[in-house]
1. Tilt of helix 137-146 relative to the longest C-alpha principal axis of the chain, in degrees (0 to 90, nearest 10)?
2. At a Förster radius of 41 Å, what calculated FRET efficiency corresponds to the Cβ-Cβ distance of Ala329 and Ala270, to the nearest 0.05?
3. How high is the relative contact order of the chain, in percent, with contacts defined as C-alpha pairs under 8 Å that are six or more residues apart?
4. Straight-line reach only, C-alpha to C-alpha below 27 angstrom: list the lysines that Lys174 could link to, leaving out same-chain residues fewer than 8 apart.
5. Among Cys287, Cys300, Cys353, what is the fewest-to-most ranking by other Cβ atoms within 10 Å?
6. For Ile453 paired with Arg167, estimate the spin-label separation in nm (one decimal), with each label point 7 Å from Cα along the Cα-to-Cβ line.
7. With each label point set 7 Å from Cα along the Cα-Cβ vector, what nm distance links Asp123 and Leu307?
8. Based on C-alpha coordinates, I'd like the Rg and Dmax of segment 88-244, in Å.
Amino acid sequence: MNTDTLHSRVAALQRVTDEFSRALPLSRLRDAISTVIRARVPGIDWPALRIGDLEVAIPIVQGGMGVGISLSRLASAVAERGGIGVIAANAIGLIEKDYYRDGRAANIRALRREIRTARRNTDGVIGVNIMVAVNDFHELLDVAIEERVDLVFMGAGLPIKGLPVERIREAGIKVVPIVSSRRATEMIFRMWKKIYDDVPDAVVVEGPLAGGHLGFSVEQVDDPAFRLEEIVPDVVEAVRAFEDEMERAIPVIAGGGIYTGEDIAAILDAGASGVQMGTRFVATAECDADEKFKRAYVECTEADIGLIDSPVGMPGRAIRNDFIRSAEAGRRPAFRCAWQCLASCKADAARYCISIALNNARIGKIDKGFVFAGANAYRVDKIVSVDHLMETLGGEYREAATDAVVRRLGDRLNVVEGLRRRFSDARSLAAKLEREYGDAITTRIRHAGDAGIDHIRDLYDSALSSVRALQLQIAETLADAWSLLSPEVSATAEN
């Protein structure tokens, strides 16, 4: 229905534009309008996401979910479908048999293998998510550089000092910090400019509805001031100054609580260039976690999803279960960490190692761990393929984006109609005053009388100015209406 309405609105816009352009005094503008109205009107599709010289057809970044949830299988499936696939490096070595002998070496070996496997499976865009706070951050970053991944996403800390930026650039890798505020964004970008005379290539801003560890206090999670829709415009504004200075676009990618294609359309409308989604990709056949992990999403209720106090000192969002409740009550049995992967971790106080708990859940031992999940995980009702998910999101996005264009075209057409009425009245008045001015001129010629010529001339000049001003207003409003279509329109496609 909305596609039919879009076509009718565009047809009306074409008629108005065509009628008006014939009377327009600006010949170059007439030619431009004539070219535009010859274009056929297509359906609306995904806007591409561009990060430097990288471009993906679908502006979706699959969230990097650590401890083996997003590995090469999921990342390559998303990349192959036209999004950005991401391998999470955090505790990736737990998929290796020797993690408890040498966790650091296991992480490095597993990350390298997963990157190479993903590269064999797709020619699409592959990124790696590395937590800044982990003790092997630099070793994992070295692997990403050596394997020449397309992007490195850096979260759980501020990626500022001690970065091998020159090597990253030589490898052609894009750097994307993950932040939760404008303040963090500005700090990272200012310090990069000062230290490296460079800035990151994009930024992911995560809102408080995300799964896993959150960059917000417990009080901020439910505060409307920290909603993703409020944060995104602030971050967009923060990077704008650096875009001007560096003379390159710096896209903002929004994540946390985005569930449908309609959500994507809304956050892109708020200024984001792309989205990051994790929860939806867990419930896919290609997700690297055990089937029981995925079923936890399908079977949970909204009441099951809540916050936990993580051993790493940050609140996290998870599907609460008996394991979490026992840990909170101090009833967890003794455990052994493989190595001190995070300096700030307080596993002893929490009575469990979060990496081990998450890994147990990943391999299907839900009773010995728990599942991180976004606030909307309860809405998942089945496990689907990545291809099906992308198709569903695309259909929802197109419908929402088309509705938005229809509304805006209707608004512009209403404005144009009002301007046209004023233009018609102003032109009629100008014609009347033209006749009166002509009569006054004739009177002066025949009778050498004033006949109020000065006053009539002033009125005539004013009427002509109004006509010209309204012509330009109409032209600009029509141009604005056509620009609503230009990012999405293909001049050769037609539904």
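1. Its long axis makes an angle of about 70 degrees.
2. On the way: r = 42 Å, r/R0 = 1.01.
According to the calculation, E is roughly 0.50.
3. 17 percent
4. Qualifying lysines at Cα under 27 Å: Lys161, Lys193, Lys194.
5. Values: Cys287 25, Cys300 19, Cys353 22.
The fewest-first ordering by Cβ neighbours comes to Cys300, Cys353, Cys287.
6. If labels sit at Ile453 and Arg167, their model points lie 8.7 nm apart.
7. 4.7 nm
8. That works out to 16.6, 50 Å for Rg and Dmax.
Each reported figure results from applying straightforward, stated rules to the coordinates on display, with no laboratory input. Since we're looking at a predicted model, the values are computed, not measured. Here the Cβ is made from the backbone with ideal geometry for all residues, glycine too, and neighbour counts use every protein chain on show.
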